[in-house]
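To start, the structure under review is shown below, and the notes come after it.
The values are calculated or read from the model by the stated rules, or taken from the named source; none is laboratory data. Small disclaimer: the values here were computed from a predicted structure and weren't measured. Glycine also receives a Cβ, built like all others from the backbone with ideal geometry; neighbour counts cover every protein chain displayed.
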Amino acid sequence: MKRARPALVFLAAVLLASLFAPLLPLPSPTRMALQGEPRPPVAPWREAFRRGFRPDDAALSPIDAGLSSLRVRIFGDLETAPWLGTDSKGRDLLARVVWGSRTSILAALAATLACLAIGASYGAIAGLAGGRADDLMMRGVDALQSLPFVFLVIFLIGILGERRAELAGYVDRETLFFLVIGAVSWLSTARLVRGQTLALSRAPFVEAARVAGAGRGRILLAHVLPNVLPIVVVSLTLTIPTVMLTEAFLSFLGLGIEPPKVSWGILAADGIEAVHPLHVAWWLVLAPALAMGSVLFALNVVGDALRDRLDPKLVAGS
């Protein structure tokens, strides 16, 4: 894991910056200053900070509003200069990249919880049940997995979007989006866990537990899930980047997060709109691309290290 340590430190820094974005001395990501043309980046050593910060508490959750109030007490109206430039509406790109990382992290968190809570349990129960129950449960997974992931998400968001007025009092578009992402991201994990459970069900320690009178529930919790969890963790390192890319793709198409909220997909769409023959605002494309690319690269490095550390075949071979 030593070679993955820099990637872990980088991912931890991104996570902390995302969680505590309202506490950082950044401009408001939604504050506009209509200026006609995007402004290029300013080097931090030429202009580090400016004054004029105004909190946008109306668009913040109670927790974020509290962090924003604490930020005002610490930094006052001081805010960073446009180190990554601004867009055509005068919004600070650095602030939007940091705040946009929240969407990708929340989507990854929704997929992770679904894989652990639904996928691992579903696959383990199917593998232990065997027979017709196993066949019926896995045919359902096959039916859902035969549908393209992106199209399935688009379909569910479209169907639920028609009932948006009825759901408005209970769930907003952002929460609905994360629920749909979580609902369809556990299928591969269920299939993987089911295969591992079938192999474990014939293991000597599981047979001994059966002879001792342990029920399926105890075997599942005490013997199966602890042994398949390392494989699930390794598979999550492949699932999370896929989910983050899907979120960015759907937001890019206008089917994910809606403005004024921000995500890396929305930033990519804004960057593409800003590229035309007369004037190329390269920083609007480069900043979100580097942010997403660096996070995905770090996740892949950590995934490779976890696979080498936790995969039983590789551990046994060494």
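Every test in (1) crowded, with 18+ Cβ neighbours inside 10 Å; (2) over 19 Å from the mean Cα position of the chain (by Cα); (3) at pLDDT 85 or above is passed by S101 save one, and that test is (2).
Do the conditions hold for S69, that is, is it part of a loop (DSSP other than H, G, I, E, B) and either hydroxyl-bearing (S, T, Y) or touching a Gly at 6+ places or on another chain (Cβ under 6 Å) (or both)? Walk me through how you get there before you give the answer.
Working: part of a loop (DSSP other than H, G, I, E, B): no; either hydroxyl-bearing (S, T, Y) or touching a Gly at 6+ places or on another chain (Cβ under 6 Å) (or both): yes.
Answer is no for this residue.
Beta carbons closer than 6 Å, at least 6 apart along the sequence or on distinct chains, pair a first residue in region 207-234 that is of a type in the set (D, E, K, R) with a second that is surrounded by 12 or more Cβ atoms within 10 Å (Cβ to Cβ) for R216/L128. Taking (1) more than 21 Å from P260 (Cα to Cα); (2) part of a loop (DSSP other than H, G, I, E, B); (3) of a type in the set (G, A, S) in turn, G90 satisfies each apart from (1).
Report yes if V98 is within 20 Å of W283 (Cα to Cα) and either assigned to a loop (DSSP other than H, G, I, E, B) or among the aliphatic types (A, V, I, L, M) (or both), otherwise no. So V98 passes the test.
Number of residues in region 85-94 that are surrounded by fewer than 24 Cβ atoms within 10 Å (Cβ to Cβ) and of a type in the set (A, V, I, L, M): the value is 1.
Inspect all residues belonging to region 73-80 and state whether any of them is within 30 Å of L299 (Cα to Cα), outside any helix (DSSP H, G or I), modelled with pLDDT of 90 or more and of a type outside the set (D, E).
As a first pass, look at region 73-80 and keep what is within 30 Å of L299 (Cα to Cα): 80.
Pick out the ones that are also outside any helix (DSSP H, G or I) and you get 80.
Keeping just the survivors that are modelled with pLDDT of 90 or more gives 80.
Now restrict to residues that are of a type outside the set (D, E): 80.
Scanning region 73-80, I find at least one residue that is within 30 Å of L299 (Cα to Cα), outside any helix (DSSP H, G or I), modelled with pLDDT of 90 or more and of a type outside the set (D, E), so the answer is yes.
A quick yes/no check of all residues on (1) out of contact with any strand residue (DSSP E or B) (no Cβ under 8 Å at 6 or more places or on another chain); (2) buried (at least 17 other Cβ atoms within 10 Å of the Cβ); (3) of a type in the set (D, E):
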site	(1), (2), (3)
M32	yes, no, no
A43	yes, no, no
R50	no, no, no
S61	yes, no, no
L70	yes, no, no
E79	no, yes, yes
P82	no, yes, no
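Name the residue that is modelled with the highest pLDDT, counting only residues in region 178-213 that are over 25 Å from V233 (Cβ atoms) and not charged (D, E, K, R). For region 178-213, the residue satisfying everything is A208. Would you say T189 is closer than 15 Å to A111 by Cβ and exposed (fewer than 14 other Cβ atoms within 10 Å of the Cβ)? So T189 fails the test.
Yes or no: region 42-58 includes at least one residue that is assigned to a helix (DSSP H, G or I), at pLDDT below 85 and not polar (S, T, N, Q). Please lay out each step first, then the result.
Of all residues in region 42-58, those assigned to a helix (DSSP H, G or I) come to 57-58.
If we keep only those that are at pLDDT below 85 too, we end up with 57-58.
Add one more test, that the residue is not polar (S, T, N, Q), and what stays is 57-58.
There is at least one residue in region 42-58 that is assigned to a helix (DSSP H, G or I), at pLDDT below 85 and not polar (S, T, N, Q).
Can you find even one residue in region 88-95 that is more than 25 Å from the chain's Cα centre (by Cα), of a type outside the set (K, R) and at negative phi?
Taking region 88-95 as the starting set, the residues that turn out to be more than 25 Å from the chain's Cα centre (by Cα) are 88-90.
Filter once more, keeping what is of a type outside the set (K, R): 88, 90.
The next check asks that each one be at negative phi; those that pass are 88.
The answer is yes; a qualifying residue exists.
The set of residues in region 270-318 being at pLDDT 70 or above, more than 24 Å from the chain's Cα centre (by Cα) and part of a helix (DSSP H, G or I) consists of E273, W282.
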